[in-house]
Amino acid sequence: IDELLAQGYLGTVIEILEQKIKEQPGDFDSRIKLAEVHALHCGNVHQAAKMVQKIEAHPGFNPEQIQQAKIKLGEWRKARPLRH
């Protein structure tokens, strides 16, 4: 994934991560990575926020994972402020 990101293959990375999540809905790392790609590489913090909301709503994730996702989202917002 990181190599594809470095080469700028954002669409491919997103497709791979979405497929992983579809196959393994409880894969926290893939969900966080996909949110990160949207926030930092695509500049779409809004999409990343929606993904964090899905993590919050998913019964398979524990409070520590949810908190980690919220912290990451805050970091991404600082790195890429919302455009109005």
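Readers should treat all values here as calculations from the given coordinates under stated rules, not as data from a laboratory. No experiment lies behind these values; they were computed from the predicted model shown. Cβ: placed from backbone, ideal geometry, glycine included. Neighbour counts: every protein chain shown.
What the table shows:
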{"quantity": "Residue list for the range 39-67, restricted to those being touching a residue at least 24 places away in the same chain (Cβ under 8 Å) and within 15 Å of GLY26 (Cβ to Cβ)", "calculated": "ILE55, HIS58, GLY60, PHE61, GLN65"}
{"quantity": "Those residues of the range 5-47 which are of a type in the set (Ser, Thr, Tyr) and closer than 13 Å to ALA69 by Cβ, in sequence order", "calculated": "SER30"}
